[in-house]
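Participant: This is the structure I want to talk about, given as structure tokens.
The values are calculated or read from the model by the stated rules, or taken from the named source; none is laboratory data. In this text the structure is predicted, and so the values were computed from the model without any measurement. Positions of Cβ are generated from backbone atoms using ideal geometry, with glycine treated the same way; all protein chains shown enter the neighbour counts. Remember, those area values only see protein heavy atoms, side chains included, never the ligands or the DNA or RNA. Shrake-Rupley method; radii C 1.70, N 1.55, O 1.52, S 1.80 Å.
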Amino acid sequence: MNATLTSPQHVTLYYREGSSDKVYQASIEPQGEGFVVNFAYGRRGSTMNTGTKTQTPVDYDTATRIYTKLGNEKKAKGYTEGPEGTPYQHSSKEDRVTGLLPQLLNPIDEQEVKRLLKDPAFCLQEKFDGRRVLVRKAGAEIYGINRKGLLIGLPSPIVVGAHKITSDFIMDGECVGDVFYAFDLLEWDGEDCRTRPYQYRLVKLSNLLNRPDITHIEFVQTATDPASKERMFRHLQAERKEGVVFKRLGAPYTPGRPNTGGNQLKHKFYATCSAVVAQINAKRSVELRLLNGKGWIPCGNVTIPPNFNVPAVGEVVEIRFLYAFRESNALYQPVYLGPRQDIEQHECVLSQLKYKGEEEEGC
């Protein structure tokens, strides 16, 4: 269990105890005339956080020492090697600004859902409980872009699948574990598809991914007629999925989020919010706060499960909850979902909350 890591260029380590099920990966990778030591970590099956232990390339002996020390430190904490895992592709360009931003969605209530289910101008798709990612292929280079427009690492199976597509492209979708669920096509083989109607982009994307050899990149199931939309909506609701998305079939791709309404809308079956950690309490609990016009407002506490690290003060985190109490803004039955590195503090606003008495309308 505590043997020193020597020759391997990559190692995947696992930690399982109680409800904890974590994965940690480290690798030595060539970069320029030297080498870098990269790592990835997170819950098994989730989209992992990535980083590097070497800000600039080092010689191989130095990289090996850093890599070995890193692996031994994790093993000393109870991590063990295993036969499976999903390596992540790292890029020396990570966290650089790309200028590419996704089209973001505004929420709608149950009344609007009923109207859009009958409206043939809108299609329906599942809203996945993952991370929004653009995947770009430019020649031999493939990388991810988060909702802030920054380059990020991608799970290697997604990279392998993308390499099987010969032409350059930019796809929009959600990353859930080592699967990329694609629902839009921004560029394809030199063509800028953003100004085209969504129905055109959707058909082109479906044809592109309709190949058995492309794995870990899946086309998102889409319903277009009212009867199919109603069936899919009820099925997703019964399966306790996160929610649904409505998209206007004739609309172009418009980056950013409109102030109200828009051509792409979302409805969640349960409430979530992004909040800022105000302070760390005893027994793995943290206090949360949200922003309104008067400043920061407390919104209760949440317990951090054993399979997560306790977040630091000021960190943005994602919370699932049943509703909030209007008098105190405290969340009822909050559940910690993890950190949100793609959300800024100023985006953690009080208007995200759904209050007691409104919960039946929103679910």
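Participant: Can you confirm whether the stretch 346-357 contains a residue that is acidic (Asp, Glu) and in a loop (DSSP other than H, G, I, E, B)? Don't jump to the end; show me each part of the working.
Facilitator: We begin by selecting, within the stretch 346-357, every residue acidic (Asp, Glu); these are 347.
Imposing the further condition that a residue be in a loop (DSSP other than H, G, I, E, B) reduces the set to none.
Looking through the stretch 346-357, none of the residues is acidic (Asp, Glu) and in a loop (DSSP other than H, G, I, E, B).
Participant: Could you please give the count of residues in the stretch 137-178 that are open to solvent by 30 Å² or more (accessible area, probe 1.4 Å) and in contact with a helix residue (DSSP H, G or I) (Cβ under 9 Å, 6 or more places away or on another chain)?
Facilitator: 2
Participant: Name the pairs: first residue in the stretch 259-273 and buried (at least 19 other Cβ atoms within 10 Å of the Cβ) and at pLDDT below 90, second residue of a type in the set (A, V, I, L, M, F, W, C) and not in a loop (DSSP other than H, G, I, E, B), Cβ to Cβ under 6 Å, at least 6 apart or on different chains?
Facilitator: Close Cβ pairs (under 6 Å, with a partner that is of a type in the set (A, V, I, L, M, F, W, C) and not in a loop (DSSP other than H, G, I, E, B)) amount to ALA271/PHE321.
Participant: Output the residues belonging to the stretch 236-248 that are over 14 Å from ASP119 (Cα atoms) and over 23 Å from the mean Cα position of the chain (by Cα). Even if it seems obvious, please write down each step before you answer.
Facilitator: Let us first name the residues in the stretch 236-248 that are over 14 Å from ASP119 (Cα atoms), namely 236-244.
Selection gives ALA238 alone.
Participant: Something else: Which of the residues belonging to the stretch 332-357 are in contact with a Gly (Cβ under 8 Å, 6 or more places away or on another chain) and among the charged types (D, E, K, R)?
Facilitator: Across the stretch 332-357, the qualifying residue is only LYS354.
Participant: Within the stretch 245-253, is there a residue that is among the aromatic types (Phe, Trp, Tyr), within 22 Å of TYR143 (Cα to Cα), open to solvent by 40 Å² or more (accessible area, probe 1.4 Å) and modelled with pLDDT of 95 or more?
Facilitator: Our first condition is that a residue be among the aromatic types (Phe, Trp, Tyr); within the stretch 245-253, this holds for 246, 253.
From what's left, within 22 Å of TYR143 (Cα to Cα): 253.
Now restrict to residues that are open to solvent by 40 Å² or more (accessible area, probe 1.4 Å): none.
No, the stretch 245-253 contains no residue that is among the aromatic types (Phe, Trp, Tyr), within 22 Å of TYR143 (Cα to Cα), open to solvent by 40 Å² or more (accessible area, probe 1.4 Å) and modelled with pLDDT of 95 or more.
Participant: Within the stretch 146-163, take every residue that is under 16 Å from the mean Cα position of the chain (by Cα) and among the small types (Gly, Ala, Ser) and give me the one that is farthest from THR12 (Cα to Cα).
Facilitator: Filtering the stretch 146-163 for residues that are under 16 Å from the mean Cα position of the chain (by Cα) and among the small types (Gly, Ala, Ser), the one farthest from THR12 (Cα to Cα) comes out as GLY149.
Participant: Right, next: Find all pairs meeting these conditions: Cβ atoms under 6 angstrom apart; at least six residues apart or on different chains; first residue within the stretch 281-293 and on the phi > 0 side of the Ramachandran plot; second residue open to solvent by less than 50 Å² (accessible area, probe 1.4 Å).
Facilitator: ARG284/ILE304
A quick yes/no check of all residues on (1) free of Cβ contacts under 8 Å to residues at least 24 places away in the same chain; (2) in a helix (DSSP H, G or I); (3) under 20 Å from ASN49 (Cβ atoms):
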{"position": "GLU230", "(1), (2), (3)": "no, yes, no"}
{"position": "ARG240", "(1), (2), (3)": "no, no, no"}
{"position": "ALA275", "(1), (2), (3)": "no, no, yes"}
{"position": "ILE297", "(1), (2), (3)": "no, no, no"}
{"position": "VAL313", "(1), (2), (3)": "no, no, yes"}
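Participant: Scan the stretch 311-327 for residues that are more than 29 Å from LEU101 (Cα to Cα) and open to solvent by 60 Å² or more (accessible area, probe 1.4 Å) and jot them down.
Facilitator: At the first step, the residues of the stretch 311-327 found to be more than 29 Å from LEU101 (Cα to Cα) are 322-327.
Across the stretch 311-327, the qualifying residues are LEU322, PHE325, ARG326, GLU327.
Participant: For the structure I just gave you, tell me whether LYS283 is assigned to a strand (DSSP E or B) and either open to solvent by 60 Å² or more (accessible area, probe 1.4 Å) or under 16 Å from LEU105 (Cβ atoms) (or both). Spell out the reasoning first.
Facilitator: Values: assigned to a strand (DSSP E or B): no; either open to solvent by 60 Å² or more (accessible area, probe 1.4 Å) or under 16 Å from LEU105 (Cβ atoms) (or both): yes.
In short, no.
Participant: Does the stretch 104-121 hold any residues that are open to solvent by 50 Å² or more (accessible area, probe 1.4 Å) and more than 24 Å from the chain's Cα centre (by Cα), and which are they?
Facilitator: Step one: filter the stretch 104-121 for residues open to solvent by 50 Å² or more (accessible area, probe 1.4 Å), giving 107, 109, 111-112, 114-115, 118, 120.
Correct list: GLN111, GLU112, LYS114, ARG115, LYS118, PRO120.
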